[in-house]
Amino acid sequence: MRERLGALDAETLAAADLEPLFREKPALHRYPGAMAKRVHDLAVHVRDEYDGDAERVWKDAKNAEQLRENIAGLPGFGEMKIKSLAAVLAKRFKVTKAKALVPPHPTLGDVASPQALLDYQAAKRAHKAEWKRMTSPD
């Protein structure tokens, strides 16, 4: 994205037509139109609510509950993304107030290598298959 647009700051992303950049070969995402809209909406939110400083999402939070509220306020962020982002913040960026939001299961916050990513993805697929099996009516 940076190579295609020149910058990754909220102001630049919010002002840009991102869909052509996401669709340019190789595509940046398997659903380029939807992801371009999500990135744009997130950039607009960060620009408007945090003066373009994404770090304020966690730095402005006084505690875990405020951090949860800040993350939940981001466009497209539901419970799963709240937990995943909290795990990344706690485990990779040492944001102490995020620790209380980290789920007990593995998340992207546990990924620190290409092999760890493959292991995480395999475990996630297995978990989803098991959950589907347990919740499907027989």
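The values are calculated or read from the model by the stated rules, or taken from the named source; none is laboratory data. Keep in mind it's a predicted model, so treat the numbers as computed, not measured. Neighbour counts are summed over all protein chains in view; Cβ atoms, including those assigned to glycine, are modelled from backbone coordinates with ideal geometry. Accessible surface is based on the protein model in full, side chains and every heavy atom, while ligands, DNA and RNA are left aside. Shrake-Rupley method; radii C 1.70, N 1.55, O 1.52, S 1.80 Å.
Here is how the numbers come out for the structure above:
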quantity: Computed lengthening from A129 to K25, 0.36 nm per intervening residue step minus Cα-Cα distance; calculated: 34.2 nm
quantity: CD proxy at 222 nm, helix term only [per DSSP H run n ≥ 4: -39500 (n - 2.57); per residue of the chain; nearest 500]; calculated: -17500 deg cm²/dmol
quantity: Point-charge dipole on Cβ atoms (K/R +1, D/E -1) for the chain, about Cα centre, debye to 20; calculated: 620
quantity: Accessible surface, per residue, of the chain when the full set of protein chains is kept, probe 1.4 Å, Å²; calculated: 67
quantity: GNM top mover of A61, A116, A90 - the chain, alpha-carbon springs below 10 Å; calculated: A116
quantity: Size descriptor, Kirkwood hydrodynamic radius, that averages inverse alpha-carbon separations across the chain, Å; calculated: 16.8
quantity: Hits among lysines - C-alpha to C-alpha of K91 under 23 Å, sequence gap 8 or more where chains match; calculated: K59, K62, K81, K83, K99, K124
quantity: Apportionment of accessible area to carbon and sulfur, segment 59-120, percent (1.4 Å); calculated: 61
quantity: Length gained when the stretch T12-D48 is fully extended (0.36 nm per residue, less Cα-Cα span); calculated: 11.7 nm
quantity: Candidates A34, A54, A14, ranked by Gaussian network fluctuation over the chain, Cα under 10 Å, top entry; calculated: A34
